[in-house]
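Input: a single structure, listed below in structure tokens.
The values are calculated or read from the model by the stated rules, or taken from the named source; none is laboratory data. Every value quoted in this text rests on a predicted model; they were computed, and no experiment measured them. FYI the Cβ positions are ideal-geometry reconstructions off the backbone, even for glycines, and counts take in every protein chain you see.
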């Protein structure tokens, strides 16, 4: 049996623009003309690169209360710590190209850092779930990755040491994401963070909760390589 992958903190660990498109099963043309929220956004490059591509995108994260120097220190440290944990739990991930996966994280952090100061307070907002500073139905598309499901406790399919993000927290956070969504909400990943690959134990309750809020929900395939095939999928909720 594989050793459990776990960390005692929410990592400041981002994905790049192409990873976002793959992870959420999106293409750039489908994003044009839509207001987009990325929550939580972390040190991803989706906001930076999306803005360069002419997209209307805002990211929010509680870490944005920190200085750029602090964010870079946290980002580099958390990348190194996470990959050290991955190396200690070789049976838990099956990523085809681990070196590319690592480089992508540093590339995302670099793109984020170059854009952060010019967008702080406008496209980078200091905010956290389950309380967002946006009006009802503010965004055409809301994206949420690698927080919900991922940071449930190890015992509940996540990688967090502790149970501060339990099912009740997840449902409250999903309610808030739904509140600010005008048309479509996408969440990823939907799988457990522990081997063997399987859907997350909170997924069924989350789908039913979104449906109770008036969304039609589907689980759609994703081509993102995060080591948990064949359960690499995206939850899509449409009003």
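Here is the figure for the range 178-213: residues that are in a helix (DSSP H, G or I) and farther than 19 Å from residue 130 by Cα total 1.
Only one of the numbered conditions (1) surrounded by 15 or more Cβ atoms within 10 Å (Cβ to Cβ); (2) part of a helix (DSSP H, G or I) is not met by residue 140, and that is (2).
Based on what the data block shows, is residue 65 more than 17 Å from the chain's Cα centre (by Cα) and at pLDDT below 95? So residue 65 does not fit the description; no. Here residue 175 does not qualify as over 16 Å from the mean Cα position of the chain (by Cα), modelled with pLDDT of 95 or more, farther than 19 Å from residue 153 by Cα and assigned to a strand (DSSP E or B).
Does the range 146-164 contain any residue that is out of contact with any strand residue (DSSP E or B) (no Cβ under 8 Å at 6 or more places or on another chain), part of a helix (DSSP H, G or I) and closer than 19 Å to residue 17 by Cβ? Scanning the range 146-164 turns up no residue that is out of contact with any strand residue (DSSP E or B) (no Cβ under 8 Å at 6 or more places or on another chain), part of a helix (DSSP H, G or I) and closer than 19 Å to residue 17 by Cβ. Evaluation of residue 228 against the conditions (1) assigned to a strand (DSSP E or B); (2) over 15 Å from the mean Cα position of the chain (by Cα); (3) surrounded by 15 or more Cβ atoms within 10 Å (Cβ to Cβ) shows that the sole unmet condition is (1). For the range 97-116, check the following and say yes or no: at least one residue is in a loop (DSSP other than H, G, I, E, B), surrounded by fewer than 18 Cβ atoms within 10 Å (Cβ to Cβ) and at pLDDT below 95. Yes; the residues of the range 97-116 include at least one that is in a loop (DSSP other than H, G, I, E, B), surrounded by fewer than 18 Cβ atoms within 10 Å (Cβ to Cβ) and at pLDDT below 95.
Across the range 222-239, the number of residues qualifying as in contact with a strand residue (DSSP E or B) (Cβ under 6 Å, 6 or more places away or on another chain) and under 23 Å from residue 14 (Cβ atoms) comes to 7. Within the range 117-130, restricting attention to residues that are part of a strand (DSSP E or B) and touching a strand residue (DSSP E or B) at 6+ places or on another chain (Cβ under 8 Å), the residue that is nearest to residue 164 (Cα to Cα) is 128.
Okay, residues lined up against (1) touching a helix residue (DSSP H, G or I) at 6+ places or on another chain (Cβ under 7 Å); (2) at pLDDT 95 or above; (3) surrounded by fewer than 23 Cβ atoms within 10 Å (Cβ to Cβ); (4) not in a helix (DSSP H, G or I):
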{"residue": "4", "(1), (2), (3), (4)": "yes, no, yes, yes"}
{"residue": "19", "(1), (2), (3), (4)": "yes, no, yes, no"}
{"residue": "25", "(1), (2), (3), (4)": "no, yes, yes, yes"}
{"residue": "33", "(1), (2), (3), (4)": "no, yes, yes, yes"}
{"residue": "37", "(1), (2), (3), (4)": "no, yes, no, yes"}
{"residue": "49", "(1), (2), (3), (4)": "yes, yes, yes, no"}
{"residue": "54", "(1), (2), (3), (4)": "no, yes, yes, yes"}
{"residue": "59", "(1), (2), (3), (4)": "yes, yes, no, yes"}
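Which of (1) within 16 Å of residue 114 (Cα to Cα); (2) in a helix (DSSP H, G or I); (3) touching a strand residue (DSSP E or B) at 6+ places or on another chain (Cβ under 8 Å) is the odd one out, the single condition residue 82 does not satisfy? Failing condition for residue 82: (1).
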